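> The structure follows.
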Amino acid sequence: MDSLTQIVLGAACGEAVLGKKIGNKALLFGALGGTIPDLDVFIGSWMYSNEIQAMAFHRGFMHSVLFAFIGAFLFGWLVFKLYDKGKRFNSTTLRDWQKLFFWALFTHPLLDCFTPYGTQLFYPFSDYRVAFNNISVADPFYTAPFLICLIVLMFFKRQKKQRRLWLKLGIGISSIYMIFTLFNKYRVDSVFESSLKNQNISFERYRTQPTIFNNILWYGVVETDTQYFMGFYSLLDEEKKITEWQSISKDNSVVPMEDKDLAILAWFSDNYYKVRKTDIEGEYRYSDLRYPLLNPDDAESSLFSMEIFKKEGRWDMRTNGPDFDKNATAKSIFAPMIERLKGK
């Protein structure tokens, strides 16, 4: 999920493990631990000159269970050696710090698994990207109550029972909301399946996910033999069915997708993608169809798009996004999706 949410979750892990011993400093170290896996964005850019390879590195090894164990030992040992000095000598143990970093490093990718991006939780033993698709990568209804509870507990001394109470409240509220999104996911999947069946759309597979910042408006992409169908469903819709679909051809022969770099892009998108020519010779628009259309009525307004091109004999990419009118404002850009969220 987004960085703020991971900081909050990491801070909660720090409080749970070391809050009684070191107070608010446990929140700080937990937050740092919860941030570490996402540093793979910067490490990937440093390791690879090719942007496709760098993007594939994110949510790879540093988001795996193996890294949680390795990182717990390494970071736990390092922080213990730096912290256990002077007046703080013997106030904590090596095991305390290793537990703190394990839970901060482990819960980070575990939480990411619920989002649509995909997390290589079992890397290097498997490159399977775990994605339950039940919550957006940024959802304030999950994060805000959790954050408020942690802020409140900071004002209590480390031995006070109220501190532990607010921690449990923050974890409890966020967990209940996560369960709520799983029920929503089940409900939305049933609506998509029944809608496809009633309209005699023979499909190979489909996937659904909530749109950004909410769990009310959902998006789904359906794969058939020759096309992709994309549709939206709001929990506020009067009828439990989808009648309006946007469709595009599956033909992606404009570029050699068997190329090793382009094959990584296809793997990253779980083979839900569309490639189109652009006005620039040698450049193509690659759209990851797993992510919602910015405009529910425009099949080419994919939220996650990029330009792909040859660079020094290899395919590379440049993150771009949808084409916006030069006079567009944030309000006008998101207006179609907000209007669809209200139901119909």
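The values are calculated or read from the model by the stated rules, or taken from the named source; none is laboratory data. The shown structure was predicted, so the numbers you read here are calculated from the model rather than taken from an experiment. Here the Cβ positions follow ideal geometry from the backbone for every residue, glycine too, while neighbour counts run over all protein chains shown. Ligands, DNA and RNA are excluded from the accessible area calculation, which covers all protein heavy atoms including side chains. Shrake-Rupley method; radii C 1.70, N 1.55, O 1.52, S 1.80 Å.
> Keeping all protein chains in place and using 1.4 angstrom, which order do Asp84, Asp261 fall into by accessible surface area, from largest down?
Highest to lowest solvent-accessible surface, that is Asp84, Asp261.
> With a 1.4 Å probe and all protein chains left in place, how much accessible area per residue does segment 24-162 have, in Å²?
Values: 7190 Å² over 139 residues.
Computed with neighbouring chains in place, this is 52 Å² per residue.
> Relative contact order (percent) for the chain, with alpha-carbon contacts under 8 angstrom and 6 or more residues of separation?
Relative contact order here is 12 percent.
> In the chain, carbon and sulfur make up what percent of the accessible area (probe 1.4 Å)?
Working: 10740 of 17530 Å².
Whole-percent figure for carbon plus sulfur exposure: 61.
> Taking Cα centroids, how far is segment 179-199 from segment 256-318 in Å?
28
> Which whole-number percentage describes the relative contact order of segment 102-213, with Cα contacts under 8 Å and a sequence gap of 6 or more?
Value for segment 102-213: 26 percent.
> Next up: Take the chain, mark every one of the GluC sites (Glu not before Pro) that falls in a DSSP loop and has at most 14 other Cβ within 10 Å, then report the longest stretch left between them, sites excluded.
Between the exposed loop sites, the longest stretch runs 1-203.
> OK, next. For labels at Met257 and Leu4 in the simple 7 Å Cα→Cβ model, what's the distance in nm?
Once both label points are built, they end up 3.7 nm from each other.
> Enumerate by residue number the trypsin sites (Lys or Arg not before Pro) in segment 130-179 meeting two conditions: DSSP loop (anything except H, G, I, E, B), and at most 10 other Cβ atoms within 10 Å of the site's Cβ.
Lys157
> Sticking with this one: Just read off the accessible area of Met337 with the full protein assembly in place, 1.4 Å probe, to the nearest 10 Å².
20
> For Ser332 and Ser190, what does the FRET efficiency come to when R0 = 30 Å and r is the distance between their Cβ atoms, rounded to the nearest 0.05?
Efficiency at R0 = 30 Å is approximately 0.35.
> Return the loop-located chymotrypsin sites (Phe, Trp or Tyr not before Pro) in segment 15-74 (DSSP other than H, G, I, E, B) with at most 12 other Cβ atoms within 10 Å of their own Cβ; answer none if there are none.
none
> Another question about this same structure. Which trypsin sites (Lys or Arg not before Pro) does segment 1-103 hold that lie in a coil by DSSP with at most 15 other beta carbons within 10 Å? Walk me through the numbers on the way to the answer.
On the way: sites: Lys20, Lys21, Lys25, Arg59, Lys81, Lys85, Lys87, Arg88, Arg95, Lys99; in loops: Arg59, Lys85.
For trypsin sites (Lys or Arg not before Pro) across segment 1-103 that sit outside H, G, I, E and B with at most 15 neighbouring Cβ atoms in 10 Å, the list reads Lys85.
> Cα centroid distance between segment 11-34 and segment 200-215, in Å?
Computed from Cα coordinates, the inter-centre distance equals 38 Å.
> Using a basic spin-label model with each label point 7 Å from the Cα along Cα→Cβ, how many nm lie between Phe89 and Ser126?
Placing both labels 7 Å along Cα→Cβ, they lie 4.9 nm apart.
> What number, in percent, do you get for the relative contact order of segment 23-79 if the mean sequence gap of Cα pairs under 8 Å and at least 6 apart is divided by its residue count?
On the way: 26 pairs, mean separation 15.2, N = 57.
It comes to 27 percent, rounded to a whole number.
> By how many degrees, between 0 and 90 and to the nearest 10, does the Cα long axis of helix 140-153 differ from the longest principal axis of the chain?
Between helix and principal axis, roughly 10 degrees.
> Taking the Cα centre of the chain as origin, sum charge times position over the Cβ atoms of Lys and Arg (+1) and Asp and Glu (-1), and report the length of that vector in debye to the nearest 20. The partial results should precede the final answer.
Values: 41 positive and 37 negative charges, 540 e Å.
The calculation lands at about 2600 debye.
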